[in-house]
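Q: Have a look at this one.
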Amino acid sequence: MELLSPAGSPEALRAAVQCGAGAVYLGWGDFNARRNAKNFTDEEFAGALQYCHQRGVRVFLTLNTLLTDRELPRALETARAACRLGVDAVLVQDWGLFDLLRRALPDLPLHASTQMSLFTTGGANEAAALGCERVVIARECSREDTAAICRGCSAEVEAFIHGALCMCYSGQCAMSALIGGRSGNRGKCAQPCRLPYGFDKKAAGDHPLSLKDSCLAGELGDMAAMGLDCLKLEGRMKRPEYVAVITGIYARLLEEGRSPTPAEQAALEQAFSREGFTDWYWAGRRGPGMFGSRPENAPDPKPLFDAARAAYEKGDRRTVPVDFVCRVSAGAPVTLTVTDDDGHTADLTGPVPEAARNRQITAGEIAQRLGKTGGTAYRCRRTDVTAEDGLSLPASVLNGLRRDALAELDRLRTAVPPRRELPLPAEPEDTCAASEPACTVSVARWEQVTAELLALSPARVYVPLEELAHVDALPPFDGEWCALLPRVWRDRDEPRLREMLSRAQALGVTAAGIGNLGHLPLARDLGLRLYGDYGLNVFNARSLAFLRDRGLDSAAVSFELRFAQIRDMRKPLPTEAIVYGRLPLMITENCLVQNGTGCRLDRQGPEVPGDGPCRQRHFLGDRTGARFPLLPAFGHRTEVQNSKPLYLADRSEWKRLGLAYGRLRFTVESPEECVRVFRAYREGAAPAGEFTRGLYERGVE
């Protein structure tokens, strides 16, 4: 298994390489999910590739943020430059960039970032079929989930095994964006999940969204047995000494095939932890025991970090073993061959040796000269020297041959593989822009669907699939019924989801809401129309074109875009935007109600509507007194909503963006409130209570 270490700076990269990383991932340029890290300048990035490839370490570039139409050409140029320098792979989140790279740089290996929110075999295989060489699965995946994906996925599988756990599924968090204008999907997360919140009260001292760091150091044997390809260590925002400590320990565990000793486990915890570690996601568990916090002024472990820094700064601990073969014969040029274990061979020829006048050269002296590889990335493992008697060869000649041979080996080891560069594909056509959007409606609970609401003639009504499972008949209306597939599920849920979809179809549902790549294998062969939901994070026209080519009939754009960006976006697919409602901040694997008060809903059992604790009104309160409603989500999970609803009824801008649909997203509203809001949008009424304009005017970093 490959050990993949974080490199948030050139010093962290050196620490990772010297301590045993098989590969590193880093940011270069403006488009990576850790824009607050030090990252790399142009010169540093080129030097990093040279340094790593000399030592047999692979380098992965993170281009894993959402990108606007204007940013895509620059991101492509960043990828082109990295490709020419020999980067080993690029991690991608944005579907538009993914499609652009596949077309313009078809030989550049691409990895599906964890920001793509992939956690099922079907989703992983979709990414593989599209051309991803590797899939980075969600941190929430259990041992069972990971083993199933490893068995069933044709691409390589990578998993996070140590470091920070986000509360929300990666790629689905809008909390930092909506609260502070700093988007996690754009690499600027402000980590609001680490702040205190109160359950059903104003925040005091509890941290119900702050997970402990993951530590799976004792599970490496299981991971090897299931065929996991890459073990990822989190920490591009951490100090180089932290990278050195965790990389060194995991490298030893892999090399020696064992679990950590108590001393190693203690060192991992000293390097960084939040009141200890957790392995509960891996074990298939959830609950309050996973959570912990860390004081902002917590001191670094100085003795541990000093020792780590001294180790990776002292000389070169990561050298490549090489073998020398030298032949010195009368009347023939000296020959020197150097080989490494990766199949590279450098052959050099020197001058013809002269007859010795005073002292002849010996095989032992030649071997000693060849062994002086200090200051390089190599160490002499073996020498095979033949030297005839009576010959003389200056030391400078031998030293020069050794230097030139190792320089040639450098060239071979750092050579850039041949890769095609094709022209920039044409811009998508703007064929589906609408003059004015029709209103669609999504509900969280079936009781929000009333005859009065349907009488207002929404173009579509989106209903969660699990809600439809308990509906006996769908009332007729002029629009279309659409089943919203769960945002998060697992392989084991899919037989039941297929049954629920078939039943919904029999009731009269004609479309499915697609919010994840893994939804496609569930729904596309049923004859349903496929409508892209906000979970797909559509940020540009190329993403719309990509989804059109996957068979989607429309798609919702990200609510992190500004009005102007939506307006200027070409629309090769009918486009939808949320124009009313409490926007979703998080989708969490933990049930926050279970953690806060306890509830009895079986996560493996059916999703039964009723009055259980998960379906009653609950909220998280922050330090200002804002209340963030908690909605139950499929699989006994939680969706955290914004404290104020988005309200645009009194604004006309959203009607002039070329949208085909504007969605009214009802969450905690009563049936009567749903009808009042719909009428307000018909009439252009002013807001009646607290509201937000969302990010459509102010945008995000």
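Q: So, how do all the Cα-to-Cα distances of segment 241-399 break down into 5 Å bins, in percent, from 0 on up?
A: Reading the bins upward from 0: 1, 7, 12, 13, 11, 9, 8, 7, 7, 7, 6, 5, 4, 3, 2, 1, 0.
Q: Which value, in debye to the nearest 20, describes the size of the charge dipole of segment 231-360 about its Cα centre when Lys and Arg Cβ atoms bear +1, Asp and Glu Cβ atoms bear -1, and nothing else is charged?
A: My answer is approximately 240 debye.
Q: Also, I was wondering about something else. Which order do the peptides 370-376, 178-184 come out in when sorted by mean C-beta neighbours inside 10 angstrom, highest first?
A: Highest mean packing first, the order is 178-184, 370-376.
Q: So, one more: Students sometimes get this wrong: rank Trp489, Trp28 by accessible area, probe 1.4 Å, all chains present, largest first.
A: Order by accessible area, largest first: Trp28, Trp489.
Q: Let me ask you something else. Taking 0.36 nm per residue of sequence separation and subtracting the Cα-Cα distance, how much length would be gained by fully extending the chain between Asp347 and Glu77, in nm to one decimal?
A: Working: separation 270, 0.36 × 270 = 97.20 nm, distance 3.69 nm.
Answer, rounded to one decimal: 93.5 nm.
Q: Residues of segment 311-384: accessible area per residue at 1.4 Å, in Å²?
A: Ligands and nucleic acids excluded, the result is 56 Å² per residue.
Q: How many angstrom lie between the C-alpha centres of segment 298-340 and segment 14-77?
A: Measuring centre to centre over Cα atoms gives 24 Å.
Q: Based on Cβ point charges of +1 for Lys and Arg and -1 for Asp and Glu, what charge dipole magnitude is obtained for segment 199-293 about its Cα centre, in debye rounded to the nearest 20? Spell out each step's value before the answer.
A: Numbers: 12 positive and 14 negative charges, 80 e Å.
For segment 199-293, the charge dipole is close to 380 debye.
Q: Ranked by accessible surface with a 1.4 Å probe, highest first, in what order do Lys644, Lys38 come?
A: These residues rank, largest area first, as Lys38, Lys644.
Q: I would also like to ask the following. If you rank Arg84, Arg548 by how much accessible surface each has, with a 1.4 Å probe, what is the order from largest down?
A: Result of the area sort, largest leading: Arg84, Arg548.
Q: Put +1 on the Cβ of each Lys and Arg and -1 on the Cβ of each Asp and Glu in segment 172-276; which of Ala224, Ala251, Gly198 then has its Cα farthest toward the positive end of the dipole?
A: Gly198
Q: Provide, in order from the shortest bin, the percent of all Cα-Cα pairs of segment 134-274 in each 5 Å bin, continuing until the bin that contains the maximum pair distance.
A: 2, 9, 16, 18, 19, 16, 11, 7, 3, 1, 0
Q: Calculate what fraction, in whole %, of the accessible area of segment 120-226 sits on carbon and sulfur atoms when a 1.4 Å probe is rolled over the protein chains.
A: 48
Q: Arranged from highest to lowest average of other beta-carbon atoms within 10 Å per residue, in what order do the peptides 469-476, 617-624 appear?
A: Taking the mean over residues of other Cβ atoms within 10 Å, the ranking is 617-624, 469-476.
Q: What does the convex hull of the Cα atoms come to per residue for the chain, in Å³?
A: Numbers: hull volume 110.1 nm³, N = 701.
Dividing the Cα hull volume of the chain by its residue count gives 157 Å³.
Q: Run the numbers for Ser273 and Asp478: contour at 0.36 nm per residue of separation, minus the present Cα-Cα distance, in nm.
A: Details: separation 205, 0.36 × 205 = 73.80 nm, distance 5.58 nm.
Length gained between Ser273 and Asp478: 68.2 nm.
Q: Where the centre of each part is set by its Cα atoms, how far does segment 687-701 sit from segment 399-418, in angstrom?
A: For segment 687-701 versus segment 399-418, the Cα centre distance is 58 Å.
Q: Here's a follow-up. For the chain, what is the relative contact order in percent, using Cα pairs closer than 8 Å and at least 6 residues apart in sequence?
A: Computed over the chain, the figure is 15 percent.
Q: Grab the beta carbon distance between Arg411 and Lys372, set R0 = 22 Å, and tell me the FRET efficiency rounded to 0.05.
A: The value I calculate is 0.60.
Q: Could you tell me which of Val471, Pro423, Gln616 has its Cα farthest along the dipole of the chain towards the positive end, charges placed at Cβ (Lys, Arg +1; Asp, Glu -1), taken about the Cα centre?
A: Gln616
Q: Still on this structure, please answer the following. Quick check: Cα centre of segment 434-469 to Cα centre of segment 176-242, how many Å?
A: 35
Q: Could I ask something else about it? Run the helix sum for the chain: -39,500 (n - 2.57) per DSSP H stretch of 4+ residues, divided by residue count, reported at 222 nm to the nearest 500 deg cm²/dmol. Walk me through the numbers on the way to the answer.
A: Numbers: 22 runs with 207 residues, N = 701.
Value at 222 nm, helices only: -8500 deg cm²/dmol.
Q: About the Cα centre, and with charges only on the beta carbon of Lys, Arg (+1) and Asp, Glu (-1), how big is the dipole of the chain? Nearest 20 debye, please.
A: 1140
Q: Which is farthest toward the positive dipole end of segment 258-351 among Leu348, Gly331, Ala311, measuring Cα position about the Cα centre, with Cβ charges +1 (Lys, Arg) and -1 (Asp, Glu)?
A: Of the listed residues, the answer is Ala311.
Q: Going through the cross-link list Lys238/Lys314; Lys38/Lys314; Lys201/Lys655; Lys232/Lys302, which pairs have a Cα-Cα distance over 29 Å in this structure?
A: Lys201/Lys655
Q: Still on this structure, please answer the following. How many percent of DSSP beta bridges within the chain run antiparallel, rounded to 5?
A: 30
The values are calculated or read from the model by the stated rules, or taken from the named source; none is laboratory data. Here the structure is a predicted model, which is why all the values come from computation and not from measurement. Quick reminder, even Gly has a Cβ in these numbers, built from the backbone with ideal geometry, and neighbours come from all protein chains shown. When the accessible area is computed, the model is the full protein with side chains, heavy atoms only, and any ligands, DNA or RNA have been set aside. Shrake-Rupley method; radii C 1.70, N 1.55, O 1.52, S 1.80 Å.
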